[in-house]
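Asks: Quick one: the structure is below, questions incoming.
The values are calculated or read from the model by the stated rules, or taken from the named source; none is laboratory data. Since the structure is predicted, the reported quantities are computational estimates derived from the model, not experimental observations. When we count neighbours, we look across all protein chains shown, and the Cβ atoms used for this are built from the backbone with ideal geometry, even at glycine.
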Amino acid sequence: MVRTRVVIKYLGYILLFNALFLFISAIISFFNKENSLNALLFSAALCATLGVFPYIFVEKIEEIRFHEGLSISVLGWIITCIVGMIPYFIWGGEFTFTNALFESVSGYTTTGASILNNVEALPKGLLFWRVSTSFIGGVGIILFVLLVLPEKKGVQSSFYRSEVSDLSKMSFRTRSRHITRIIATVYFSLIIVETVLLKLLGMSFFDAVCHSFSTIATSGFSTKNRSIASYDNVWIEMVIMFFMLISSLHFGLVYATMTRKKHNIFTSRPTRMYMFVVAIGILLITFQLTQEKMFGFWESLRYAAFQVVALTSTTGLVTADTSLWPLFSIILLIYFSFQCGMVGSTAGGIKFDRIYLFFSSFNKQLKLILHPNGIYALKMDKKVIEHDLELQIIVFIILYILTFFTTSLLLSAMGIDGVTAFSASFATIGNVGPGFGGVSSFGNYAQLPDAAKYLLSANMLLGRLEIMNVFALIVMLVRKK
Amino acid sequence: MNGSLKIKILLSLSLLILMLLAAGIMSMLEFRKMGDSVDRVLKNNYQSIESAKRMTDALEREDSGLLLWMIGDRDSGIGTIHRSDSIITKAITDALANITETNEQQSISIIIDAYDKYHASVINIVEKENSVVERKQKYDSETQALFFDTKEAINRLMVLNQDQMNRQSGIVKEKSRRAMMPAIVSIAAAIIFAILLNFFITIYFIHPIRKFINGVKEYYPEQGRLNAHVVSKDEFKILEDEINILISRLLRKRDVSNE
């Protein structure tokens, strides 16, 4: 049975964590003498008040049950997204209630889809809050909260069961209580290194921090209207591209590589396969762009590499208007928006490991047809995949595709053109951000009707929570009734 | 938190007060900003429009004064011309002291130029001893055109400020919308707060009392303790412990009496 007071207490922690970042944004606003100061301070005070409140009543929690962990995880995301919209909503500008909610959900789920026509009109305090939502959402608010909570019986493991997928846990060759530290170490190290490099390459410190948050969290929020294209600096693009790629890999493997462990990104077969597929994609698009005489070879390579990595890592930062590219290149980019990065990374989408295992499972089924009495095990990096996990992966892929089709269909029913409906659907469920048509790389989601924005916000949350957790919570609540 | 019931209630109410204070201050700040904007509209644009209107009125009176002078009412005419001139000069000085928009300085300079020419033309007619026909010719060919030029220049200043006023009214509208937002958010937060407070009162106040009632109802001496199962560590827990101590004392006394 779920103890509501326990759930409320942990949701309070989550609110307090958000309040901290709201205060930091307010300080930035204060030093820049911006009109967003009041909105940020008020939101921070509100968040802190509501966050502290359960602490007054609820006694110390010694243990958390799995169902409570699941409730905290799913409700935590929903409440965080609602709270995150408050400063936008109060500040005004382009932020109506719907737009503020969309921007907030997009930030926390690290989608990076925006409703803003003029990002540069935002005060720095709000720009920082915008990337902060991505920073928090990058590794997950729950894992962040775990970082500051003392270790207690069942607390960490029940959160992990709901927050970190079983497939992802496989590459963390350590106990669950160490996983938070590994993720945090990789996350913060990458952000610090990227910030330093971008600053050295001529970005302002503020922009460097914002783009590092955005890259490592794979959100794609930029402080510029034309995203990375506004810098027109190949070195900046290369640094961002490198960090986007790293952020799309399993953080456990990145940590293992950093600490020179045996099982690392160079020895992991799925990771090597992932790199190979990305490289093939880049080359194919480069050749087509060159052949169609859109750019010279090196320019084609520059734009193709950036866009493929931006989409497969689900970052969605932009250096070129991909909607103008030939159809074959667009189809390849759509494929990468579905495939996305690796499990255990900050990337969204189906994830390459699942596609890899899906084809391994397909191969196993073929063998079973040819040799019905044979015994074949599904393996990943020499580890046997349990039948339950194999089934879970297939169910997830089917659910993912079903959700994508349902969203596309509903968007079309709202009178949105086919290309926009199709691409808005895959760009939000995969937490990618930019799509094609009306929501192309240099476009935004502002022109969509409010109902579509609510639907796409739900889509982003479903994608971030990997669908199953949301359904599990719904089933749990229905059964309780 | 393992505080007493008093502290729990006090802290909850303090938080509610804090939240209301934050909402109140925020709304006050936003309304003050809105007030400043309205004030700016009135001071900056409305004053300029008023000055322009005074200029137009005085300009028309100056023209009437000239016509009076031309038809023979010389004293009354010259008096009206001088009075109107001083009104226009004062209105121009006021407008110059209240330049708030880009191009406003330029507009006023055009008015000054146009009026100087017009006024010079009026004085020229008044001071030169020409015939009635010559005066009429001069008025028709020069003064009247200069009159319309000046009026047009004053109108442009008025339109400039009116446009800005319209834009400002849009800004004020947006600010009034913004001023409402903290109130809306606070109402929503207060509702959530009230629901949470109700939940906690039920869990930490009503439930223990019900548990005590049920415990007392279902109590039988053989069970020894009163099973209220209070989870919080406040006065209710102390009460449960004290009741159990009382029960054990009574049971001991009964056993001693039976012996």
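Asks: Can you tell which of B:I201, B:I213 is facing chain A (nearest Cβ under 10 Å) and farther than 23 Å from A:S36 by Cβ? Reasoning before the result, please.
Replies: Values: B:I213 fails: facing chain A (nearest Cβ under 10 Å).
Selected residue: B:I201, the only one of B:I201, B:I213 that is facing chain A (nearest Cβ under 10 Å) and farther than 23 Å from A:S36 by Cβ.
Asks: When residues of segment A:431-466 are filtered for being farther than 20 Å from A:A347 by Cβ and of a type in the set (K, R), how many remain?
Replies: The total comes to 1.
Asks: Since A:Q447 meets every condition but one in (1) modelled with pLDDT of 90 or more; (2) under 20 Å from the mean Cα position of the chain (by Cα), which condition does it not meet?
Replies: Unmet condition: (2).
Asks: Is it fair to say A:F442 is under 22 Å from A:S227 (Cβ atoms) and surrounded by fewer than 17 Cβ atoms within 10 Å (Cβ to Cβ)?
Replies: Values: under 22 Å from A:S227 (Cβ atoms): yes; surrounded by fewer than 17 Cβ atoms within 10 Å (Cβ to Cβ): yes.
Yes; evaluated as a whole, the condition is true for this residue.
Asks: Still on this structure, I have one more. Could you check segment A:1-22 and list, in sequence order, the residues that are outside any helix (DSSP H, G or I) and more than 12 Å from chain B (Cβ to nearest Cβ)? Before you say what the answer is, go through the steps one by one.
Replies: Going through segment A:1-22, the residues outside any helix (DSSP H, G or I) turn out to be A:1-3.
Listed by number, the residues that qualify are A:M1, A:V2.
Asks: Within the bounds of segment A:204-227, is there any residue that is over 17 Å from A:L249 (Cβ atoms), assigned to a loop (DSSP other than H, G, I, E, B) and without any contact (Cβ under 8 Å) to a residue 60 or more places away in the chain?
Replies: yes
Asks: With the condition kept exactly as written, say whether any residue in segment A:48-65 is outside the structural domain of A:M476 (by TED's automatic domain parsing), among the acidic types (D, E) and without any contact (Cβ under 8 Å) to a residue 24 or more places away in the chain. Walk me through it before giving the result.
Replies: Initial filter on segment A:48-65 (outside the structural domain of A:M476 (by TED's automatic domain parsing)): A:48-65.
Add one more test, that the residue is among the acidic types (D, E), and what stays is A:59, A:62-63.
Among the residues that remain, those that are also without any contact (Cβ under 8 Å) to a residue 24 or more places away in the chain are: A:59.
For segment A:48-65, residues outside the structural domain of A:M476 (by TED's automatic domain parsing), among the acidic types (D, E) and without any contact (Cβ under 8 Å) to a residue 24 or more places away in the chain: present.
Asks: I've got another one for you. Check off (1) closer than 15 Å to B:M158 by Cβ; (2) surrounded by fewer than 17 Cβ atoms within 10 Å (Cβ to Cβ); (3) among the charged types (D, E, K, R) for B:E104 and give me the number that stays unchecked.
Replies: For B:E104, the failing item is (2).
Asks: Of the residues A:Q307, A:Q288, which single one is within 29 Å of A:S360 (Cβ to Cβ) and in contact with a helix residue (DSSP H, G or I) (Cβ under 8 Å, 6 or more places away or on another chain)?
Replies: Details: A:Q288 fails: within 29 Å of A:S360 (Cβ to Cβ).
Going through A:Q307, A:Q288 in turn, just one is within 29 Å of A:S360 (Cβ to Cβ) and in contact with a helix residue (DSSP H, G or I) (Cβ under 8 Å, 6 or more places away or on another chain): A:Q307.
Asks: Something else about it: From the list A:F221, A:F242, A:F206, which one is buried (at least 20 other Cβ atoms within 10 Å of the Cβ) and among the aromatic types (F, W, Y)?
Replies: On the way: A:F242 fails: buried (at least 20 other Cβ atoms within 10 Å of the Cβ); A:F206 fails: buried (at least 20 other Cβ atoms within 10 Å of the Cβ).
Just a single option satisfies the conditions, and that option is A:F221.
Asks: Filter segment A:214-242 down to residues that are within 19 Å of A:G430 (Cα to Cα) and of a type in the set (F, W, Y), then give me how many there are.
Replies: Residues meeting the conditions: 1.
Asks: Look at segment A:304-318 and say how many of its residues are assigned to a helix (DSSP H, G or I) and of a type in the set (V, I, T).
Replies: Residues meeting the conditions: 3.
Asks: Is it the case, given these coordinates, that A:A217 is of a type outside the set (V, I, T) and in contact with a helix residue (DSSP H, G or I) (Cβ under 8 Å, 6 or more places away or on another chain)?
Replies: Working: of a type outside the set (V, I, T): yes; in contact with a helix residue (DSSP H, G or I) (Cβ under 8 Å, 6 or more places away or on another chain): yes.
The answer is yes for A:A217.
Asks: So for segment A:257-276 (the condition being part of a helix (DSSP H, G or I) and closer than 30 Å to A:N444 by Cα), does at least one residue qualify? It would help to see each step written out before you state the result.
Replies: The initial filter retains those residues of segment A:257-276 that are part of a helix (DSSP H, G or I), namely A:257-258, A:269-276.
After this cut, where a residue has to be closer than 30 Å to A:N444 by Cα as well, the list is A:274-275.
The answer is yes, given that some residue of segment A:257-276 is part of a helix (DSSP H, G or I) and closer than 30 Å to A:N444 by Cα.
Asks: Might you let me know whether segment A:361-371 holds any residue that is within 25 Å of A:L461 (Cα to Cα) and either surrounded by 16 or more Cβ atoms within 10 Å (Cβ to Cβ) or under 24 Å from the mean Cα position of the chain (by Cα) (or both)? Walk me through it before giving the result.
Replies: Keep residues of segment A:361-371 that are within 25 Å of A:L461 (Cα to Cα), which gives none.
Checked against the condition, which is being within 25 Å of A:L461 (Cα to Cα) and either surrounded by 16 or more Cβ atoms within 10 Å (Cβ to Cβ) or under 24 Å from the mean Cα position of the chain (by Cα) (or both), segment A:361-371 yields no hits at all.
Asks: Sticking with this structure for a sec: Which count do you get for residues in segment A:391-446 that are assigned to a loop (DSSP other than H, G, I, E, B) and over 18 Å from A:A113 (Cβ atoms)? If you could, list the steps in order and put the result at the bottom.
Replies: Our first condition is that a residue be assigned to a loop (DSSP other than H, G, I, E, B); within segment A:391-446, this holds for A:414-417, A:430-436, A:440-446.
Narrowing further to those that are over 18 Å from A:A113 (Cβ atoms): A:415.
So the answer is 1.
Asks: Filter segment B:143-179 down to the residues that are touching a residue at least 40 places away in the same chain (Cβ under 8 Å), closer than 30 Å to B:E30 by Cα and either within 14 Å of chain A (Cβ to nearest Cβ) or of a type in the set (F, W, Y) (or both) and list them by number.
Replies: Scanning segment B:143-179 gives B:I171, B:V172, B:K175, B:S176, B:R178, B:A179.
Asks: Another question, if that's okay. Is one or more of the residues making up segment B:234-248 over 30 Å from B:D36 (Cα atoms), at pLDDT below 85, at the interface with chain A (Cβ under 10 Å from one of its Cβ atoms) and not in a helix (DSSP H, G or I)?
Replies: yes
Asks: What is the number of the single condition among (1) under 23 Å from B:M28 (Cα atoms); (2) surrounded by 21 or more Cβ atoms within 10 Å (Cβ to Cβ); (3) away from chain B (no Cβ under 14 Å) that A:I27 does not meet?
Replies: Exception for A:I27: condition (2).
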